[in-house]
Amino acid sequence: MIKEASNIRNFCIIAHIDHGKSTLADRFLEITGTIAREQMKEQILDDMDLERERGITIKSHPVTMRHEVGGREYVLNLIDTPGHVDFSYEVSRSLAACEGALLLVDAAQGVQAQTVSNLNMAREVGLTIVPVVNKIDIPSAGVDATLKELSSLLGSEIRIDRCSAKTGEGVEGVLERIVAEVPPPRGSRGSALRALVFDSEFDQFKGVVTYLRVVEGVINVGMRVRLVSTGKEFEVTELGVFGPSMVPRRSLKAGEVGYMMAGMRKVTDAKVGDTVADASRERVSPLPGYRQVKPMVFCGIHPVESEEYEMLRDSLGKLQLNDASLVFEPERSTALGLGFRCGFLGLLHMEIVKERLEREYGVSIIATAPNVRLRVSRKNGESLYVDNPSKMPAAGQIESTEEPHVLAEILTPAEYLGGVMKLCSEKRGIHCGMHYLSETTVQLACEFPLSEIVLDFYDRLKSISRGYASFDYEFCGFRESKLVKLDILLNGEPVDAFSAIIHEQNVYTWARNITAQLKELIPRQLFQVAIQASVGNKVIARETVGALRKHVTGKCYGGDVTRKRKLLEKQKAGKLKMKRLGHVTVPHEAFLAVLKVGDRS
């Protein structure tokens, strides 16, 4: 550690969703004078409309503040992290760029699942934890109960501060504690350059803007740098810090947090967790913890109008420039036409991408039901990954199927424990442990197949617990499972957009529900429409949409019965011919019905 970095403090705020991270960051900016009072607005670090509307942080937002304590000025680098489980990798990289973490807990809601998850991540990288109870000003605040839960989690000897990010009460004391307890950076400015990439974004005029923390050495404008994971080299064109807007600098030194521009045209060139090194140095050991981000949830996205296919492709390409975790490839569906198979980090990530496509780029889309990537072993010894039901091999060729499992952490009030455990067993959960954080709060650990929680698990958990339970998970590997492909046929023709890969114990319920929903949504045709659900060659559920009928015998008010029979036989023959030549009209709402099947299950 050297003298010049002794006045720097790098820290982040970690918390569950809606515990007040962004509001506390606003108070820090106000108290330190980083933002003038007349320029202040709520959630100033959340610059995306979706972030403001949903009240969540989607992207990490660093900011450099200056604050005087005891007559000495300190540089405080704050990295405001996302709170949702889908963006946990971004949180882990932000933690790696800091020496301390401010653990924020809502006094009304208490310790929740992502509080525990983020705390464990911070402990793994050896950060100094500064626990704070927020929202002490609201009438429903249970400060004493929350303090008891936090003490159980952290140990009774750790001091816990109290504040109100909304009114500013106690916030000055939190800043002073960060200066006193968070250690300064340890990197030497005389060593070879090593900087951690913890985020990036795309600027249409300047290219890729890389957010980095300089761990060792110095980086200067005009210097040639190399990204260790890819080996690509670039010349630095601009450096700077966040104030919170970009403030250019000639150099960044060990311990500092800022941004770099180096003529990169793809966000994938600067992957999160990568190491930036001096290009003139041949062997530079990368900083620990880098891994490739892998999508967990997949779905098909197709334009409502086929003429908008090119527009959708361009929009996904632009979106990917600002979100390197989004992956997509072209696919063709017999029911929906040309589109793209897209991979996401989770359901919230998928919702945000769909909403941004419609709002920011004006594309009307249809999304198929989300599914997970499976690992299939064929009888010939070949192994492959399947992220689309249409790619599933025939049942006779499959030796075994494996699906991804996640280790989940559920925090719930004790009074709802029975209902939560029943839900877990319905979702094929394996109970791994239980711990009482307090007399009223229980922490459950369960292992689930990822496919069981991507549709409706979170909604049902909130419903059972009246909104009090919280949920967090992490991928823990593939497990062998008995999965089957369910096909939906309309008049004997399979519709690939309705296909799904289901566990065999749920397949009959799923089949009955989807055929019943399709019967309600598919309009009556001039001929009878058979809706069938099949596994292989075996039909396991069927519904029939009756034909529109004309009263052809209405004009026969008398005479022999053979006259009526003759007219009815003629009508029947006409309908058979129509059935052979006609096509079933399927409305867009029917494709969304697949998403609601889980609720009825």
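Here the chain is assigned +1 on the Cβ of each Lys and Arg and -1 on the Cβ of each Asp and Glu. Its dipole about the Cα centre then comes out at about 2960 debye.
Report D for region 454-493 in µm² per second (integer): Stokes-Einstein, Kirkwood Rh on Cα pairs, 10 °C, 1.306 mPa s.
Working: Rh = 14.1 Å.
D = 113 µm²/s.
Panel values: the chain, Kirkwood radius from alpha carbon pairs, Stokes-Einstein at 25 °C and 0.890 mPa s, translational diffusion coefficient 90 µm²/s. Note down the net charge around Asn120, summing +1 for each Lys or Arg and -1 for each Asp or Glu among other residues with Cβ under 11 Å from its Cβ. Charge balance in the 11 Å sphere: -3.
For the ranges 232-243, 447-458, what's the packing order if you count other beta-carbon atoms within 10 Å of each residue, average per peptide, and put the highest first?
Numbers: 232-243: 17.4, 447-458: 20.7.
Packing proxy ranking, top to bottom: 447-458, 232-243.
Can you tell me the equivalent ellipsoid semi-axes for region 375-481? Use √(5λ) from the Cα gyration tensor, largest first, whole Å.
On the way: eigenvalues 231, 34, 19 Å².
Listed largest to smallest, the semi-axes of region 375-481 are 34, 13, 10 Å.
What's the FRET efficiency of Asp459 with Lys566 using the Cβ-Cβ distance as r and R₀ = 41 Å, to the nearest 0.05? In this case the efficiency is close to 0.10.
Less than 9 Å Cβ to Cβ from Arg177, Lys/Arg counted +1 and Asp/Glu -1: what total charge do the surrounding residues give?
Details: positive: Arg159; negative: Asp161, Glu176, Glu181.
Summing Lys and Arg as +1 and Asp and Glu as -1 gives -2.
Once the mean of 1/r is taken over each pair of separate Cα atoms and inverted, region 194-278 shows a Kirkwood hydrodynamic radius of 12.3 Å.
Distance between the modelled labels on Ser6 and Thr544, one decimal in nanometres: 8.9 nm (7 Å Cα→Cβ projection). To the nearest ten degrees, helix 561-581 and the longest principal axis of the Cα atoms of the chain are 40 degrees apart. Modelled label positions at Leu417 and Thr268, each set 7 Å beyond Cα in the direction of Cβ, lie 4.9 nm from each other.
Averaged over residues, the count of other Cβ atoms within 10 Å places the peptides 209-219, 366-376 in the sequence 209-219, 366-376, highest first.
Can you compute the helix-only [θ] at 222 nm over the chain? Use -39500 (n - 2.57) per DSSP H run of at least 4 residues, normalise by all residues, nearest 500 deg cm²/dmol.
-8000 deg cm²/dmol
In nm, to one decimal, how far is the Thr237 label point from the Glu68 one, both placed 7 Å along Cα→Cβ? For Thr237 paired with Glu68, the spin-label model returns 4.0 nm. With Kirkwood's inverse mean 1/r over C-alpha pairs for Rh, give me the Rg to Rh ratio of region 379-442, two decimals please. Using only Cα positions, Rg/Rh for region 379-442 is 1.22. When the convex hull of its Cα atoms is viewed from all sides, region 316-425 shows a mean projected area of 10.7 nm². Rounded to the nearest 0.05, the FRET efficiency derived from the C-beta distance between Asp137 and Gln204 at R0 = 56 Å is 0.85.
Each Cα pair under 8 Å and six or more residues apart adds its sequence gap; the mean of these over the residue count of region 375-481 is a relative contact order of 35 percent. Using C-alpha pairs under 8 Å with a sequence gap of at least 6, the mean separation divided by the residue count of the chain gives a relative contact order of 10 percent. Fully extending the segment from Glu307 to Leu407, taken as 0.36 nm per residue of separation minus the present Cα-Cα distance, adds 31.7 nm.
No lab work stands behind these numbers, since they all come straight from the coordinates. Since the structure is predicted, the reported quantities are computational estimates derived from the model, not experimental observations. Here Cβ is always computed from backbone atoms with ideal geometry, including for glycine, and neighbour counts include all displayed protein chains.
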